[in-house]
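In what follows, a single structure is set out as structure tokens and then discussed.
What follows draws every value from the coordinates through simple rules; no lab data is involved. Just so it is clear, the model here is predicted, and its values are computed rather than measured. Backbone-built Cβ (ideal geometry, glycine too); neighbour counts: all protein chains shown.
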Amino acid sequence: MSVLSDSLIEDLKKQGVLVTSIEALYNWGRSNSVWPLQFGLACCAIEMIAASMARFDLSRFGSEVFRPSPRQADLMIVSGTVTKKMAPQVVRLFNQMPDPKYVIAMGACAISGGPFKQGYNVLKGVDRFIPVDIYIPGCPPRPEALLHGLMELQKKIRAQKLTGENRAKYFDAAQPGEYPIPSFGEHDLEPSKNAALWSPAQVARKD
Amino acid sequence: METPENILARLQAAFPSAKIELLPNGCPSQPPSLLLDPAFACEIATFLKNDAALRLDHATNVTGVDWPKEGYIEAVYHLFSMEKKHGPLIIRLRTANRDTAVVLPSLTPVWRSADLQEREIFDLFGIKFEGHPDLRRILMWDGFKDHPMRKDYVAPDDFEYEPTAHDDVLERAQQHFSKNA
Amino acid sequence: MNSQPYLSLVVFAVVAAVFPLVPLILARLWFYFFAPLKPGESKNATYECGLVSEGDARIQFKAHYYLYAIVFLIFDVETIFLLPFATAFLNLSVGAVLAMLVFVLLLVEGLVWAWSKGYLEWD
Ligand code: SF4
């Protein structure tokens with residue numbers, strides 16, 4: 001029996017020893033220092049704040065350093081209702097974060113509009129404009145759920161590839177570094193969604 | 001506080017040419033309200049504020065009501081007196097119609113607390129308050145054209161994904177079904 | 001021992017140069033092999049509050065503002081002195097209390113001057 005797991009052998013064949021070890025080191029470093037951008041949009045932000053305090057202690061995961069500037073942040077926790085008036089600002093802040101960057105959509109509002117889904121001024125999910133890595137359902141999600149989300153994100157970061165076909169999008173020159181910022185239209189945001197990024201989920205339904 | 005009927009009688013005596021009406025409220029526990037003549041609204045408001053027996057010095061709540069069938073929009077003011085500790089007196093103003101003549105006099109010069117609430121009505125119902133010190137949209141952005149709280153407002157068509165739709169939302173979501181499939 | 005008195009300085013200079021250069025070179029190599037640069041309009045923008053900056057940064061300030069700031073500063077400093085003065089008040093000698101009163105009087109004089117000149121009015 002081999003000491004190496006099958007997936008590692010596959011990896012070594014594809015990328016070589018040097019890249020694989022750099023990748024492991026890099027992902028280990030990154031996943032343990034995910035610095036979130038410090039901003040909150042609604043009630044969910046209170047739970048995010050609670051998660052960063054002593055009882056739930058986000059700093060166990062190396063994420064306690066909430067950055068006040070997007071230039072120093074790796075993670076955007078969209079915690080709360082994204083109104084249409086706020087959406088361009090959120091997208092702009094996301095654009096200003098340096099790669100690699102990740103997005104957690106925290107709570108029903110950030111995922112889909114939540115309780116305000118049919119409201120005239122609520123964006124029906126922040127994933128219509130920026131790519132979301134982790135969705136945390138709940139209204140609001142408990143701090144434990146945010147910790148779980150963060151751990152899932154760490155798993156995702158540890159699995160990302162530096163080279164090859166399946167490499168993370170930050171290492172791919174063809175992938176966009178910025179996402180188009182919607183502008184305020186006369187009736188809605190223009191465009192009302194980033195069609196390249198988001199398309200409605202397919203729902204199987206009986207007619 | 002005096003009964004609204006009493007106040008009405010005093011107002012009619014003080015402003016003989018103004019058209020003032022007493023509107024009953026459907027709910028028995030609620031006081032009837034006074035429908036004022038917009039042309040005299042400012043003077044009547046000042047009167048209500050300064051009258052020795054009333055002293056209605058505080059407008060707690062200003063809101064709008066859209067009446068599409070009747071064809072007007074209403075601004076409703078709830079007045080209290082801090083000094084005499086009584087209230088509320090409810091006064092209403094009506095626009096002439098819902099699209100061309102939506103101008104009402106602003107009561108912000110009389111009650112400062114009406115400022116932001118009148119802006120909100122301007123934003124969401126589209127009533128233009130004449131004499132308001134700073135009439136801009138407050139919740140929606142400046143370039144926005146619609147008035148979302150009007151009953152005939154149609155929300156933009158972003159109903160592509162409605163997992164648990166029903167009623168009106170279902171109808172609008174259904175228009176997308178064939179496109180999505 | 002000290003045949004090369006400047007050797008430590010040279011070592012110091014080399015370390016000072018290498019220390020910042022290594023991360024910069026590493027970053028360059030990283031970019032070269034793995035992560036392509038993706039600059040963009042909002043990424044390169046000067047301000048990072050989420051809003052687009054509007055207008056010109058060179059706007060006119062009222063000179064009044066500086067006088068205000070200075071007057072504020074004086075009283076800000078005064079509180080720092082007044083607080084220990086107040087806590088130790090009963091144990092101070094007469095001389096110390098007089099000295100403190102003179103200090104406060106000087107500041108009050110400044111305030112009176114600014115007041116009489118009309119600098120406290122903001123129109
Ligand atoms: S999901 Fe619930 S708790 Fe979170 S922002 Fe929306 S309404 Fe508030």
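Things to note:
- A single entry from A:M97, A:M76 fulfils the requirement of being more than 12 Å from the ligand (Cβ to nearest atom), over 13 Å from C:K43 (Cα atoms) and touching a helix residue (DSSP H, G or I) at 6+ places or on another chain (Cβ under 7 Å): A:M76.
- If you go through segment C:48-64 and pick out every residue that is surrounded by 10 or more Cβ atoms within 10 Å (Cβ to Cβ) and either under 30 Å from C:L111 (Cα atoms) or out of contact with any helix residue (DSSP H, G or I) (no Cβ under 7 Å at 6 or more places or on another chain) (or both), you end up with 5.
- Filter result (more than 17 Å from the chain's Cα centre (by Cα), away from the ligand (no atom under 16 Å from the Cβ) and free of Cβ contacts under 8 Å to residues at least 40 places away in the same chain) within segment A:25-51: A:L25, A:G29
- One residue stands out among those in segment A:100-132 that are closer than 24 Å to C:A45 by Cβ and of a type in the set (F, W, Y): the one that is farthest from the other protein chains (Cβ to nearest Cβ), which is A:Y102.
- Scanning segment B:151-164 for residues that are crowded, with 17+ Cβ neighbours inside 10 Å and more than 7 Å from chain A (Cβ to nearest Cβ) yields B:F159, B:E162.
- Members of segment A:187-199 that are more than 8 Å from every other protein chain (Cβ to nearest Cβ) and surrounded by 16 or more Cβ atoms within 10 Å (Cβ to Cβ): A:L189, A:N194, A:W198
- A:Y135 falls short on exactly one of the conditions (1) hydroxyl-bearing (S, T, Y); (2) in contact with a helix residue (DSSP H, G or I) (Cβ under 6 Å, 6 or more places away or on another chain); (3) within 14 Å of chain C (Cβ to nearest Cβ), and that condition is (3).
- Strands (runs of 3 or more DSSP E) (entirely within segment B:59-160) containing at least 2 residues that are of a type in the set (A, V, I, L, M): B:72-81, B:86-94, B:103-105
- Among (1) closer than 28 Å to A:G29 by Cβ; (2) away from the ligand (no atom under 16 Å from the Cβ); (3) touching a helix residue (DSSP H, G or I) at 6+ places or on another chain (Cβ under 9 Å); (4) not acidic (D, E), the one test that A:L189 misses: (1)
- No other residue among B:I138, B:I121, B:I127 is more than 30 Å from B:L22 (Cα to Cα), among the hydrophobic types (A, V, I, L, M, F, W, C) and either away from chain A (no Cβ under 13 Å) or surrounded by 13 or more Cβ atoms within 10 Å (Cβ to Cβ) (or both) apart from B:I138.
- Which listed residue is within 11 Å of another protein chain (Cβ to nearest Cβ), out of contact with any Phe, Trp or Tyr (no Cβ under 9 Å at 6 or more places or on another chain) and over 20 Å from B:L23 (Cβ atoms), from B:S81, B:S113, B:S178: B:S178
- Note on segment A:12-24: residues that are over 30 Å from A:I77 (Cα atoms) and free of Cβ contacts under 8 Å to residues at least 24 places away in the same chain total 5.
- Subset of segment A:167-186 (residues that are within 14 Å of chain C (Cβ to nearest Cβ) and in a loop (DSSP other than H, G, I, E, B)): A:A168, A:D172, A:A173, A:A174, A:Q175, A:P176, A:G177, A:E178, A:Y179, A:P180, A:I181, A:P182
- Only one of A:L37, A:L18 that is on the phi < 0 side of the Ramachandran plot, touching a helix residue (DSSP H, G or I) at 6+ places or on another chain (Cβ under 8 Å) and not polar (S, T, N, Q): A:L37
- Of the residues contained in segment C:20-32, none is found to be outside any helix (DSSP H, G or I) and surrounded by 10 or more Cβ atoms within 10 Å (Cβ to Cβ).
- Residues of segment A:135-156 satisfying the condition of being surrounded by 21 or more Cβ atoms within 10 Å (Cβ to Cβ), away from the ligand (no atom under 12 Å from the Cβ) and under 18 Å from A:G40 (Cα atoms): A:G149, A:L150
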